[in-house]
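Have a look at the structure below, then the notes.
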Amino acid sequence: MEKLLITIDGPAGSGKSTISRLLARHLNYKYIDTGALYRGIAFETVSHKIDPDDEPQLNGLLERIDLGFEMTEKGLRLMSNGRDITGQIRSPEISMMASRVSAKPRVREKLFSLQKKLGKEKGAVFEGRDMGTVVFPEADVKFFLVASVEERAKRRFLEMGDPPSQTLEEVARDIQKRDEDDSNRKIAPLKAAPDATTIDTTSLDIHAVLGKMIDVVRSVLQEK
Ligand code: DC
């Protein structure tokens, strides 16, 4: 059967990661979490105490880092210059820095080419913010997931360990700030591609969302 390139975009906490992983598993496709790449750059920026607004420093860092995914016995890992940084990219500090560095043109350029390389082979689900609009406008199937801020904050809060590192109010505030920054930046802002199927996940459970997506994928495959 023909293999497709599928994109899933949407704001933080819209259910993208869980759903993308499940959809990729269901179809036996590769799953590419592009937010992890922005987080990888954010992690290196913080580790090297670089001010992301200091262009020469940030550009120097970008030339030195080699990011990629590697399949190991622990699952899919994010590697930076051969070092596994998967466990270090999910903190609130890295989330905010990822949003900041993602507004920098050189960061987006670097990751654009990396993502294009990863997408050369079809049979992949790419999850991010600008997959269907900028990186893969030619994708076979595009989804855009949305959910209310309250619901997204609740999901992120429940994912945190015990004790949680932030209060529910702090999570909601960070999500709102990131939404604003991600949606209003000049390059590759967060928005649905005109040909994307938008799904509001606020009151749907994961399996209902997955079911809707599988229906769309199936009908595209039938047309091919
Ligand atoms: O999906 P995430 O929360 O892991 O993404 C982290 C940040 O990276 C997010 O604030 C926006 C940015 N990002 C982006 O600009 N483009 C993408 N394709 C993926 C993520």
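The values are calculated or read from the model by the stated rules, or taken from the named source; none is laboratory data. Just so it is clear, the model here is predicted, and its values are computed rather than measured. In this analysis, Cβ positions are derived from the backbone assuming ideal geometry, glycine residues included, and neighbour counts consider all displayed protein chains. Accessible surface areas use protein heavy atoms only, side chains included; no ligands, DNA or RNA. Shrake-Rupley method; radii C 1.70, N 1.55, O 1.52, S 1.80 Å.
Can you give the charge dipole size of the chain about its Cα centre, rounded to the nearest 20 debye, using +1 on the beta carbon of Lys and Arg and -1 on the beta carbon of Asp and Glu?
480 debye
How much length is gained on full extension from Thr197 to Glu93, taking 0.36 nm per residue of separation minus their Cα-Cα distance?
34.3 nm
Rank Val149, Ile8, Leu168 by how far each Cα sits towards the positive end of the charge dipole of the chain (+1 on Lys, Arg Cβ; -1 on Asp, Glu Cβ) and give me just the farthest.
Farthest along the dipole direction, towards plus: Ile8.
Run the Debye formula on the Cα coordinates of region 75-224, all scatterers equal and no solvent, and tell me log10 I(q)/I(0) at q = 0.13, 0.15 1/Å.
Scattering profile of region 75-224, log10 relative to I(0): -0.75, -1.02.
Just to be sure I understand the model, the point goes 7 Å from the Cα along the line to the Cβ. What's the resulting Glu2 to Arg64 distance in nm?
Taking the simple label geometry, Glu2 and Arg64 are separated by 4.6 nm.
Can you tell me the accessible area per residue over the chain, all protein chains present, probe 1.4 angstrom, in square angstrom?
On a per-residue basis, 52 Å².
I need the calculated FRET efficiency for the pair Ile187 and Glu73, taking r as the beta carbon distance and R₀ as 41 Å, to the nearest 0.05.
Given R0 = 41 Å and the Cβ-Cβ separation, E is 0.60.
Length gain on complete extension for the stretch Glu180 to Ser148, per 0.36 nm per residue less the alpha carbon to alpha carbon distance?
Difference between extended and current length: 10.1 nm.
Once the whole set of protein chains is in place, how much accessible area is left on His207, using a 1.4 Å probe, in Å² to the nearest 10?
So the heavy atoms of His207 present about 130 Å² to solvent.
Of all accessible surface on region 115-224 at a 1.4 Å probe, what whole percent is carbon and sulfur?
Percent of accessible area from carbon and sulfur atoms in region 115-224: 53.
To the nearest 0.05, how large is the calculated FRET efficiency for Leu168 and Leu221 if R₀ is 41 Å and r is the Cβ-Cβ distance?
It comes out at approximately 0.50.
Just to be sure I understand: of the beta bridges DSSP finds with both ends in the chain, what percent are antiparallel, rounded to 5?
30 percent
For the chain, set up a GNM with springs between Cα atoms under 10 Å and report which of Leu158, Leu62, Leu37 has the largest fluctuation.
Between Leu158, Leu62, Leu37, it is Leu158 that shows the largest mean-square fluctuation.
Can you compute the helix-only [θ] at 222 nm over the chain? Use -39500 (n - 2.57) per DSSP H run of at least 4 residues, normalise by all residues, nearest 500 deg cm²/dmol.
-15000 deg cm²/dmol
Work out the charge dipole of the chain with +1 on the Cβ of Lys and Arg and -1 on the Cβ of Asp and Glu about the Cα centre, then indicate which of Thr133, Leu190, Phe43 is farthest towards its positive end.
Working it through, the farthest residue towards the positive pole turns out to be Thr133.
Express the carbon and sulfur contribution to the solvent-accessible surface of region 1-44 as a percent, rounded to the nearest whole number, probe 1.4 angstrom.
52 percent
Between region 123-139 and region 21-43, how many Å separate their Cα centres?
If we compute the Cα centre of each part, the gap is 11 Å.
Mind checking the dipole of region 128-224: about its Cα centre, +1 per Lys or Arg Cβ, -1 per Asp or Glu Cβ, Debye to the nearest 20?
180 debye
Across every pair of different alpha-carbon atoms, what Kirkwood hydrodynamic radius in Å does region 1-158 reach?
It is 16.3 Å.
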